[in-house]
Amino acid sequence: MTRVRHEGPVIVGAGLAGLSAALEAAQAGARVLVLTPEPLLSGCSSAWAQGGMAAALTAVDSAELHARDTEAAGAGLVDPGAAQALTEAGRETVEWLAALGAPFDRYGDGSFVVSLEAAHSVARVARVGGDGAGRAILSAVVAAVRAEARIEVWEDARLKGLMQDETGRVVGAVAARGERLVEVTASAVVLATGGAGGLFAATTTPAVLKGEGMALAARAGAEILDPEFVQFHPTAIDVGLDPAPLATEALRGEGARLIDGAGAFLLGEEADADLKPRDVVARAVHAARTAGRGAFLDARTAVGEGFPHEFPAVFAACMRAGLDPRVSPIPVMAACHYHMGGVAADADGRTTVPGLYAVGECAATGVHGANRLASNSLLEAAAFGGRAGR
């Protein structure tokens, strides 16, 4: 084993949360080392996100309303202070990413195009190319990271352990680089290791994400909050693939409907019946499939011929599976999508162990409660990741 002395923070993970932390720490003058087992833009859920980033961006919206929707979706277990901190950072976070080059959809006057998603009172999800937000946003952040001289990235380093001194403070990390173990001492370690979808039979996230960061934090003595709170997305495309392709919630925001094999509505005939919180819709989809009725997302009328340019990622996934969503309903299932629980952390990423921070999906900040509001994940990753970096 070799030892490397790094004078600054080590960030483990290179999704939106980890790289936002890296950029802000570097902007503050720190030298930053990012450890990731996969090349940038690979192996992280951020790049797979379709819907976009929730933020109060219009005259009919506000941070307060966004916070109320967040609390309502979280089934009484959202920390109101954390929710307010998140939603108040919405506009500035979107504008920061746009300034880095994230190509959010815009109207002719420069205002952001926003979509309606489930459990939101108003349309507030800033999107890119209909359903390509995650990869486009992360690509802009990766370009900024590569251009920042104070950030070094090891794209072949897998976290194996945390180093602690005699007081229990985290003072570095142990990483595997090929066959070699490397001890990296650091002023602090920021975990941005993502979720745990790879532990489940069907997931919409990269299968390599198995909760190792949370496990190592627990071994170091960190408090773990609500690990049983796992969100299942109701409209994973059921074509026998794992990870399963995702049919973004924005499709239902545009009017697509959930039906069974006989064409009956799963959640009722009301126009907004399919826009209930994800846990409600996922249970309805699962119940229909278990009962043998099947579950399908019918976007033939709501999207129809506009599919290739309005939702290109979903359209491509369907066509690869031999389905044309313009003429046939899409078979769907509930699949593991997001881990609301994780390493207990505040809005600045501080955990209960000195020297250890956690951001993004591996952290449990109290923002999501028992059910994450759609498209709050990218916002939390960038906003709270940036706060941790600062």
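Which value, in debye to the nearest 20, gives the size of the charge dipole of region 230-336 about its Cα centre, when Lys and Arg are +1 and Asp and Glu are -1 at the Cβ?
In total the dipole reaches around 240 debye.
Label points 7 Å out from Cα along the Cβ direction at Leu41 and Asp109: separation in nm?
If labels sit at Leu41 and Asp109, their model points lie 3.5 nm apart.
How big is the dipole moment of region 206-257 about its Cα centre under a simple scheme where the beta carbon of each Lys and Arg is +1, that of each Asp and Glu is -1, and everything else is neutral? Debye, nearest 20, please.
That gives a dipole near 80 debye.
So for region 74-210, averaging the separation of alpha carbon pairs under 8 Å that are six or more residues apart and normalising by length, what relative contact order in percent results?
Relative contact order here is 12 percent.
Working out 0.36 nm times the residue gap between Asp156 and Glu269, then minus their Cα-Cα distance, what length gain in nm do you get to one decimal?
Values: separation 113, 0.36 × 113 = 40.68 nm, distance 5.09 nm.
Difference between extended and current length: 35.6 nm.
When the dipole is taken about the Cα centre of the chain, and only Lys, Arg (+1) and Asp, Glu (-1) are charged at their Cβ, what size is it in debye, to the nearest 20?
Numbers: 32 positive and 45 negative charges, 173 e Å.
Dipole magnitude for the chain comes out near 840 debye.
How much length is gained if the chain between Thr290 and Ala99 is pulled fully straight, taking 0.36 nm per residue apart and subtracting their Cα-Cα distance, in nm to one decimal?
64.1 nm
Test of understanding: what is the full-extension gain from Thr58 to Val122, defined as 0.36 nm times their sequence separation minus their Cα-Cα distance?
22.1 nm
For log10 I(q)/I(0) by the Debye sum over Cα atoms at q = 0.10, 0.13 Å⁻¹, pick the label among (1) -0.61, -1.01; (2) -0.71, -1.12; (3) -0.89, -1.06 that corresponds to the value derived from the coordinates.
(1)
Ranked from highest to lowest mean number of other Cβ atoms within 10 Å per residue, what is the order of the peptides 1-7, 366-372, 266-272?
366-372, 266-272, 1-7
Quick one: what are the phi-derived ³J(HN,Hα) couplings along region 195-205, Karplus 6.51/-1.76/1.60 with θ = phi - 60°, whole Hz, x for glycine and proline?
Computed from phi, the couplings for region 195-205 are x, 9, x, x, 7, 9, 4, 9, 9, 9, 9 Hz.
Each label point is 7 Å from the Cα along the Cα-to-Cβ direction; what then is the distance between the points at Ala321 and Arg3, in nm?
Simple spin-label model gives 5.2 nm for this pair.
Put +1 on the Cβ of every Lys and Arg and -1 on every Asp and Glu Cβ in the chain; which of Ala140, Met163, Ala17 then has its Cα farthest towards the positive end of the dipole?
Farthest towards the positive pole: Met163.
Each reported figure results from applying straightforward, stated rules to the coordinates on display, with no laboratory input. Please read all numbers here as calculations on a predicted model, not as lab measurements. Glycine gets a Cβ as well: all are built from the backbone with ideal geometry, and neighbour counts include every protein chain shown.
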